[in-house]
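A short write-up of the structure that comes next.
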Amino acid sequence: MHCLWINVLHRSAFSAVLPAETNVLMRFSDSTAEAEGALCKVHGQARITLGWQEFAAANHVSSGSVYIFKFYRVGGHLHLAMYNA
């Protein structure tokens, strides 16, 4: 998985609050370690490109599995918490 496409039901609501490109701090489950990635919008959909491949490998994220993604802002920084479903 070289990038993560983020498909959401209310794409315009989610994408409207994002700049064209921004950094995102990613954390898996209850880990305290965060990895930095780059999130960008392509045709109105968000995707995580830089940093995703390393984050996915380090946390054994596999294609076809189901995960829960929680995006939130802290101090102006975008964060992603990812959990097993």
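Data table
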quantity: Antiparallel %, DSSP beta bridges [both residues in region 14-84], to 5; calculated: 80
quantity: Amide hydrogen neighbours beyond the local backbone of LEU50, cut-off 5 Å, H modeled; calculated: ALA38
quantity: Ranked by how many other beta carbons lie within 10 Å on average, peptides 31-42, 73-84 from highest; calculated: 31-42, 73-84
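Laboratory data are not the source of any read-out in this text; all were calculated from the coordinates shown. Not measured: the values here are computed from a predicted model. Here Cβ is always computed from backbone atoms with ideal geometry, including for glycine, and neighbour counts include all displayed protein chains.
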